[in-house]
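Following: one structure in structure tokens, then a few remarks.
The values are calculated or read from the model by the stated rules, or taken from the named source; none is laboratory data. Computed from a predicted model, the values in this text were never measured in an experiment. Here Cβ is always computed from backbone atoms with ideal geometry, including for glycine, and neighbour counts include all displayed protein chains. To get the accessible areas, we keep the full protein, side chains included, count just its heavy atoms, and leave off ligands, DNA and RNA. Shrake-Rupley method; radii C 1.70, N 1.55, O 1.52, S 1.80 Å.
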Amino acid sequence: MSNANKNGEVNFDRGVLGKEIDIGSHYVSEAELVSYAKSLGETNPIYIDPVFANSGPHRSIIATPGYYTAIPLKPSLDPNIEFTTNSFSYMAGQKVIYKNHIKAGDTLHARSQVTNVYTKTGRSGALIFIERKTTYLNQHNDTVLIVESSNVRADNKL
Amino acid sequence: MTQVLNQPHSVGDEIGPLTKIPSLEETKYFAKLSRLNGRDGRFLKENNDIRQGLENGIEEAIIVSSWQSMGYLTQLITNWMPYNGFLASIDIRFRRVIKPNDILICKGIITDILQQTDQTLVMLDVFIENQNSERPLQAVAEILFSH
């Protein structure tokens with residue numbers, strides 16, 4: 001069985017491409033930012049010491065660059081690929097464009113879209129890539145960061 | 001050569017190293033804090049091994065999350081840059097699985113310095129090297145320094 005069409009392209013719900021949806025919002029507490037930073041062994045006081053941070057350049061605890069990955073969000077749209085094997089997907093890459101710091105007390109909103117689905121043949125066989133773009137905005141509607149991610153899953157019967 | 005907060009930097013300068021050895025407990029704690037288990041959503045889909053290991057108590061199945069290793073790499077950068085620096089972008093490739101207790105050495109090198117009117121853009125190649133001299137993570141980062 002194959003999930004590819006006669007042109008060798010993967011079959012998926014093309015209606016999801018470019019369709020941006022709201023995937024939720026999240027209040028960012030100081031305690032959450034500090035806990036997250038400390039879980040990585042962070043020692044920089046702008047991330048973990050409220051007294052220092054409040055008198056520092058940002059007047060607040062700010063988020064470490066990877067904090068956004070811990071924000072609970074709804075899933076983005078599913079392109080409904082009919083995988084023919086039981087392999088698992090993994091993160092192939094991410095480009096993160098930072099626009100503003102995330103600060104304690106912010107409320108973030110996120111919007112996401114599937115931007116591309118394609119196949120590629122690697123050393124271990126066929127791979128299916130799903131690319132997404134997620135934009136995070138704060139309560140002032142300022143973009144804080146944009147994440148362009150690529151997930152990959154092997155599908156050797158493609 | 002340019003001046004960034006009174007510190008001279010040149011193309012070819014190295015940053016780091018920052019060494020991390022994520023223990024199993026730290027890995028599980030990070031996964032819990034990052035909601036990698038027990039919650040529906042994109043994190044489950046992207047971290048099947050971690051979720052299944054945590055839910056089934058199979059510690060051998062637990063790997064270090066991409067987010068955790070990415071956190072180490074960005075820590076290398078934020079440790080290096082002074083407070084007038086701003087991480088403008090990072091483009092990361094995840095190439096290999098990282099397991100708890102792997103020895104991770106985070107390093108980087110300045111590849112370009114661009115003087116602009118009111119800021120300086122510094123380009124970095126950063127990576128994590130493990131105990132087998134493999135590079136499970138590689139990234140290109142852009143740092144802006146306001147004058």
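Quick notes
- Criterion applied to A:PHE129, A:PHE88 was being open to solvent by 30 Å² or more (accessible area, probe 1.4 Å), more than 10 Å from the chain's Cα centre (by Cα) and over 30 Å from B:TYR83 (Cα atoms), and the one residue passing it is A:PHE88.
This table checks each residue for (1) open to solvent by less than 60 Å² (accessible area, probe 1.4 Å); (2) of a type in the set (A, V, I, L, M); (3) closer than 16 Å to B:TRP80 by Cα.
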position	(1), (2), (3)
B:ILE103	no, yes, no
B:ILE113	yes, yes, yes
B:THR117	no, no, no
B:ALA139	yes, yes, yes
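- The lone exception for A:SER76 - which of (1) within 12 Å of the chain's Cα centre (by Cα); (2) at pLDDT 95 or above; (3) open to solvent by less than 50 Å² (accessible area, probe 1.4 Å) it fails: (2)
- A:TYR47 being closer than 18 Å to B:THR78 by Cα and in contact with a strand residue (DSSP E or B) (Cβ under 9 Å, 6 or more places away or on another chain): yes
- Taking (1) more than 21 Å from A:TYR47 (Cβ to Cβ); (2) touching a residue at least 12 places away in the same chain (Cβ under 8 Å); (3) of a type outside the set (A, V, I, L, M); (4) open to solvent by 20 Å² or more (accessible area, probe 1.4 Å) in turn, A:ASN141 satisfies each apart from (2).
- When B:LEU87, B:LEU73, B:LEU18 are checked against the criterion of being at pLDDT 85 or above and within 8 Å of chain A (Cβ to nearest Cβ), B:LEU87 stands alone in meeting it.
- Among the conditions (1) free of Cβ contacts under 8 Å to residues at least 40 places away in the same chain; (2) within 11 Å of another protein chain (Cβ to nearest Cβ), B:ASP118 misses just one, which is (2).
- B:PHE94 meets the conditions (1) within 11 Å of chain A (Cβ to nearest Cβ); (2) of a type in the set (A, V, I, L, M, F, W, C); (3) more than 17 Å from B:ILE15 (Cα to Cα); (4) surrounded by fewer than 20 Cβ atoms within 10 Å (Cβ to Cβ) in every case but one. The failed one is (4).
Here is a yes/no grid of residues against (1) buried (at least 17 other Cβ atoms within 10 Å of the Cβ); (2) within 29 Å of A:PHE12 (Cα to Cα); (3) within 18 Å of the chain's Cα centre (by Cα):
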position	(1), (2), (3)
A:GLY93	yes, yes, yes
A:HIS101	yes, no, yes
A:GLY125	no, yes, no
A:THR135	yes, yes, yes
